[in-house]
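Student: Before we start, here is the structure in question, set down as structure tokens.
The values are calculated or read from the model by the stated rules, or taken from the named source; none is laboratory data. In this text the structure is predicted, and so the values were computed from the model without any measurement. Every residue, glycine as well, gets a Cβ built from its backbone with ideal geometry; the counts of neighbours run over all protein chains shown. Protein only, heavy atoms only, side chains kept; ligands, DNA and RNA dropped before computing areas. Shrake-Rupley method; radii C 1.70, N 1.55, O 1.52, S 1.80 Å.
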Amino acid sequence: MGESSTVILDGMGVRRSLTRIAHEILERNKGVEKVVLVGIRTGGVHLAHEIALRLEEIEGVKVPVGAVDITMYRDDIKGHAPHHPVGKTEIPFSLEGKRVVLVDDVLFTGRTIRAAMDALMDHGRPSCIQLGVLIDRGHRELPIRADFVGRNVPTSLKESVVVLFDADNAPVNVLLEKEVP
Amino acid sequence: MGDAALFNHKHIIALRDLSADDIRLLLTTAENLKEINSRDIKKVPTLRGKTIINLFYEASTRTRTSFEIAAKRLSADTVNISPSTSSSTKGETLSDTALNLLAMKPDIIVMRHNISGSHYFLAKRLSCSIINAGDGAHEHPSQALLDMLTMKERFGRLDGLKVAIVGDVSHSRVARSNIQGLTKMGSHLFLAGPPTMMPPGVERLGNVTVCKDMREAVDGADVVMMLRIQLERQGKSLLPTLKEYSRYFGLNREILKLAKPDAMVMHPGPINRGVELASDVADGDQSHILNQVENGVAVRMAMLYHVCGGGTVDAG
């Protein structure tokens, strides 16, 4: 068994998608007032910073960026040892009354997003939560959808989608990996 | 992190049984969980539906409360049992007590017992996880882990730190666990205490030097860890007088000057003020005693988290 991988979104494509998402966030929220970004560790945090840079370029305002680790909110801890290393949740601002844009790299079953929303609610009561993802690969198991999507990629369950980042946490490209028998 | 970050122990009974990677993982998890303790809502749902029994055969306020708070912050259900209210006063054996508790299907038993090795005895017989909250003069892993977390926060590392441990080393499970843990993490240990309270052959445990007096141990130290004189154990028969003990092995400002200027003063509590630790040092700038207590909750959350759920059965 081996793996074959194809680039489904190159560096330029990723950057264009993020720029479009930034514009859509501004359009939906009529600016950046009360908008905060919270990335899901680890890929989502890097992307949230990328989006924040673009919002600052467009609006000239720095939007706060936080990070949420969902390990302690997972629903699959039962039945096996919880081996997932725990990351740090860093939301150094109040979420009370904020318009939170939750950012992740790949939207798949929706369970991560459910966990992240529970984590956010434990930090305060935002006025709304919106979801931005770079890739939506389908196969939802919960009634969750994204508000801002970079690229919809139909996938099979045997495939996986990987967003690569460089040493400076800037996105490089997106790969679709398949197991080859 | 990555693949190295696997915790493969069902029980945490002694730091002797853990590798440096295990300890590193527990400390990292604890560091990352600390944030929960400063939220308005200090609770995450991780261990929802798990039952944890705190079985304390010896007196404890700090450790028992800290384990209980840690369990509650992770949403586990906790039950506290202490000997004065349990059947052991009616003559029930430890094994029978434990089997009866097991019939109520706990996921973890956190136990303190005066007999070293009682945790291994239970781990062999019970299907749930066992965490040692102190066993006789053997080990007290959660205390050593919280001590290591406090040092790591202060210095950013444990490797190469000079740590002085002063007092009744032979009856101290805190000292024994710290010696086991810190030597694995690359610290250098310098022990001082009355010869009657120094276990023979302690140098064999690792990078440990037994000093002839307290000044030699404290000289140039990054950390000065004072041990409590355990008056409830055999302290008295091994000591001429407390006053004399305090003169030779008590930490005061003058002796602390021998350590590095930014040295940390630590103590596992409860303090005998004016015996092993002068009040002005205990309450001084260099004292990290309350940080230790604060870190205790995070470290115990990490221990419960990594132990819970079972996983592969291992010897320890």
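Student: Given H placed on each backbone N at 1.01 Å, which residues far from B:Met264 in sequence or on other chains put an amide H within less than 5 Å of it?
Tutor: B:Val223, B:Val224
Student: Follow-up question, since we're still on this one. For the protein assembly as shown, build the convex hull from the C-alpha positions and give me its volume per residue in Å³.
Tutor: Details: hull volume 87.1 nm³, N = 497.
Looking at the protein assembly as shown, the number lands at 175 Å³ per residue.
Student: Heads up, I need the accessible area for B:Tyr248: 1.4 angstrom probe, whole protein in place, Å², nearest 10.
Tutor: Counting only protein heavy atoms, B:Tyr248 exposes about 130 Å² to solvent.
Student: Using the Kirkwood formula on the Cα atoms of region B:174-225, what hydrodynamic radius do you get, in angstrom to one decimal?
Tutor: Taking the inverse mean of 1/r over all distinct Cα pairs, region B:174-225 comes out at 11.3 Å.
Student: Can you pull the one-decimal nm distance between simple spin-label points at A:Ser4 and A:Val61, each 7 Å off the Cα toward Cβ?
Tutor: Between A:Ser4 and A:Val61, the label points sit 4.9 nm apart.
Student: Let me ask something else about it. Expected output is a single nm value to one decimal: the length gained when fully extending between B:Asn207 and B:Asn252, i.e. 0.36 nm times separation in residues minus the C-alpha distance. What is it?
Tutor: 13.6 nm
Student: Quick one: what Rg and Dmax do you get for region B:6-105 from the alpha carbons, in Å?
Tutor: Every Cα atom of region B:6-105 included, Rg and Dmax give 15.9, 45 Å.
Student: For region A:38-127, which GluC sites (Glu not before Pro) are in a loop by DSSP, counting at most 15 other Cβ atoms within 10 Å?
Tutor: In loop regions of region A:38-127 (DSSP not H, G, I, E or B), the sparsely surrounded GluC sites (Glu not before Pro) are A:Glu96.
Student: Could you tell me the extents of region B:141-288's C-alpha atoms along the three principal axes, largest first, rounded to whole Å?
Tutor: Each principal axis gives a Cα extent; for region B:141-288 these are 40, 34, 27 Å.
Student: Listed here are the pairs B:Lys152/B:Lys260; B:Lys72/B:Lys184; B:Lys10/B:Lys124; A:Lys34/A:Lys88; which of them are more than 20 Å apart at the Cα?
Tutor: Check vs 20 Å cut-off fails for B:Lys72/B:Lys184; A:Lys34/A:Lys88.
Student: Let me ask another. Below 8 Å between Cα atoms, with a sequence gap of 6+, how large is the relative contact order for region A:63-181 in percent?
Tutor: Dividing the mean separation by the residue count of region A:63-181 yields 21 percent.
Student: Taking all pairs of distinct Cα atoms, average 1/r, flip it, and tell me the Kirkwood hydrodynamic radius of chain B in Å to one decimal place. Mind dumping the intermediate values first?
Tutor: On the way: mean 1/r = 0.0502 Å⁻¹.
About 19.9 Å for chain B.
Student: Binning every alpha carbon pair distance of region B:51-159 at 10 Å from zero, what are the percents per bin?
Tutor: 14, 44, 31, 9, 3
Student: Quick one: what are the phi-derived ³J(HN,Hα) couplings along region A:25-32, Karplus 6.51/-1.76/1.60 with θ = phi - 60°, whole Hz, x for glycine and proline?
Tutor: Per residue, the Karplus-derived 3J(HN,Hα) values read 4, 5, 5, 5, 9, 6, x, 10 Hz.
Student: Considering the zone a paramagnetic label at A:Lys178 would reach in this model (a point 7 Å from Cα along the Cα-to-Cβ line), which residues of region A:1-44 have amide N under 11 Å from it?
Tutor: A:4-6
Student: Another question, then. Mind checking the alpha-carbon convex hull of chain A and giving the volume per residue in Å³?
Tutor: Per residue, the Cα convex hull of chain A comes to 131 Å³.
Student: To continue, here is another question. Please identify the trypsin sites (Lys or Arg not before Pro) of region A:1-75 that satisfy two criteria: DSSP loop assignment and at most 15 other Cβ atoms within 10 Å. Which are they?
Tutor: Those satisfying the criteria are A:Lys30, A:Lys34, A:Lys62.
Student: Once you average over the residues of B:168-179, how many Cβ atoms of partner chains fall within 10 Å of each Cβ?
Tutor: 0
Student: Moving to a separate point now. Are there GluC sites (Glu not before Pro) in region A:137-181 that DSSP marks as loop and that have at most 15 other Cβ atoms within 10 Å, and which are they?
Tutor: Sparse-neighbourhood loop GluC sites (Glu not before Pro): A:Glu141.
Student: Quick check for you: with a 1.4 Å probe and neighbouring chains kept, what is the accessible area per residue of region B:141-288, in Å²?
Tutor: Ligands and nucleic acids excluded, the result is 41 Å² per residue.
Student: How high is the FRET efficiency between B:Ser75 and B:Arg16 when r is their beta carbon distance and R₀ equals 22 Å, given to the nearest 0.05?
Tutor: 0.10
Student: Sorted by accessible area with a 1.4 angstrom probe, largest first, how do A:Met117, B:Met226 fall?
Tutor: A:Met117, B:Met226
Student: Relative contact order (percent) for region B:141-288, with alpha-carbon contacts under 8 angstrom and 6 or more residues of separation? Walk me through the intermediate numbers first.
Tutor: Values: 272 pairs, mean separation 35.5, N = 148.
About 24 percent, as a whole number.
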